[in-house]
Amino acid sequence: ETAVFQTPNYHVTQVGNEVSFNCKQTLGHDTMYWYKQDSKKLLKIMFSYNNKQLIVNETVPRRFSPQSSDKAHLNLRIKSVEPEDSAVYLCASSYYTGQLYFGEGSKLTVL
Amino acid sequence: GQQVQQSPASLVLQEGENAELQCNFSSTATQLQWFYQRPGGSLVSLLYNPSGTKHTGRLTSTTVTKERRSSLHISSSQITDSGTYFCAMEPGANTGKLTFGHGTILRVHP
């Protein structure tokens with residue numbers, strides 16, 4: 001049962017374009033996350049928000065920016081994509097320090 | 001160094017055999033979770049087990065916090081169990097982030 005919804009699930013774009021991924025959770029959780037999964041399947045956290053407050057901001061390029069309108073939504077914007085941004089971006093939610101639930105992922109291909 | 005180490009990196013089984021996946025971590029874990037991912041699929045939470053033993057269906061996880069390790073036992077494996085299994089832990093209290101291992105790729109043959 002999917003309760004973390006991501007759109008779009010696939011996106012192909014060219015270097016320099018702007019991309020946005022949207023994420024919404026219906027679980028009533030107070031914390032949301034963005035993870036990046038690279039071609040080797042390694043998962044790394046990028047950002048996390050707790051009640052709309054940024055609590056984790058790993059070392060990611062400045063072209064990445066999270067946007068949270070409320071605790072149920074966390075979007076990810078990439079201002080000017082680079083080839084190395086090709087990856088799967090996974091949104092997740094939880095109660096703070098609790099069990100994580102992931103969305104289906106948004107696969108980005110940068111040509 | 002890598003904070004979460006999983007072994008084996010890959011495992012091939014005949015249908016019906018049991019699997020034992022290991023996860024070792026370099027710092028105290030306040031949270032420990034096992035995930036499953038089918039090729040091209042999403043991450044599915046299997047077990048949330050920061051300490052002790054938990055069961056769900058054919059899965060059993062045992063986490064020994066003091067020894068900084070966790071295991072996932074899959075009994076009577078099925079072809080549909082094939083995929084990648086990830087262990088993830090929170091290194092320290094209330095950091096708000098999970099650190100993932102590299103995963104164990106499981107292939108179950110008929």
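The values are calculated or read from the model by the stated rules, or taken from the named source; none is laboratory data. The model shown is predicted, which means the values in this text are computed figures rather than measured ones. In this analysis, Cβ positions are derived from the backbone assuming ideal geometry, glycine residues included, and neighbour counts consider all displayed protein chains. Surface areas here come from the heavy atoms of the whole protein model, side chains and all, with no ligands, DNA or RNA. Shrake-Rupley method; radii C 1.70, N 1.55, O 1.52, S 1.80 Å.
Couple of notes before you dig in:
- Complete set of residues in segment B:61-110 that are assigned to a loop (DSSP other than H, G, I, E, B), within 14 Å of chain A (Cβ to nearest Cβ), surrounded by 15 or more Cβ atoms within 10 Å (Cβ to Cβ) and on the phi > 0 side of the Ramachandran plot: B:96, B:103
- Selection count, segment A:76-96, where residues are among the polar types (S, T, N, Q) and either touching a Pro at 6+ places or on another chain (Cβ under 6 Å) or without any contact (Cβ under 8 Å) to a residue 60 or more places away in the chain (or both): 1
- Residues satisfying the stated conditions in segment B:26-46, i.e. in a strand (DSSP E or B), open to solvent by less than 30 Å² (accessible area, probe 1.4 Å) and at pLDDT below 90: B:29, B:31
- Sole residue being open to solvent by less than 60 Å² (accessible area, probe 1.4 Å) and modelled with pLDDT under 90, chosen from A:81, A:60, A:88: A:60
- Residue count for segment A:89-111, restricted to those that are in contact with a His (Cβ under 6 Å, 6 or more places away or on another chain) and under 20 Å from residue B:86 (Cα atoms): 2
- Residue A:23 satisfies every condition listed in (1) open to solvent by less than 20 Å² (accessible area, probe 1.4 Å); (2) more than 12 Å from chain B (Cβ to nearest Cβ); (3) outside any strand (DSSP E or B) except (3).
- Residue list for segment A:90-102, restricted to those being within 7 Å of chain B (Cβ to nearest Cβ) and either among the hydrophobic types (A, V, I, L, M, F, W, C) or under 11 Å from the mean Cα position of the chain (by Cα) (or both): A:90, A:100, A:102
- Checked against (1) buried (at least 16 other Cβ atoms within 10 Å of the Cβ); (2) away from every other protein chain (no Cβ under 11 Å); (3) farther than 18 Å from residue B:46 by Cβ, residue A:109 passes all but condition (1).
- For residue B:16, the criteria (1) in a loop (DSSP other than H, G, I, E, B); (2) closer than 17 Å to residue A:43 by Cβ hold in every case but one, which is (2).
- Any chance residue B:55 is surrounded by fewer than 16 Cβ atoms within 10 Å (Cβ to Cβ) and out of contact with any Gly (no Cβ under 6 Å at 6 or more places or on another chain): yes
- Enumeration of residues in segment A:36-50 that are buried (at least 21 other Cβ atoms within 10 Å of the Cβ) and either part of a loop (DSSP other than H, G, I, E, B) or more than 8 Å from chain B (Cβ to nearest Cβ) (or both): A:47, A:49
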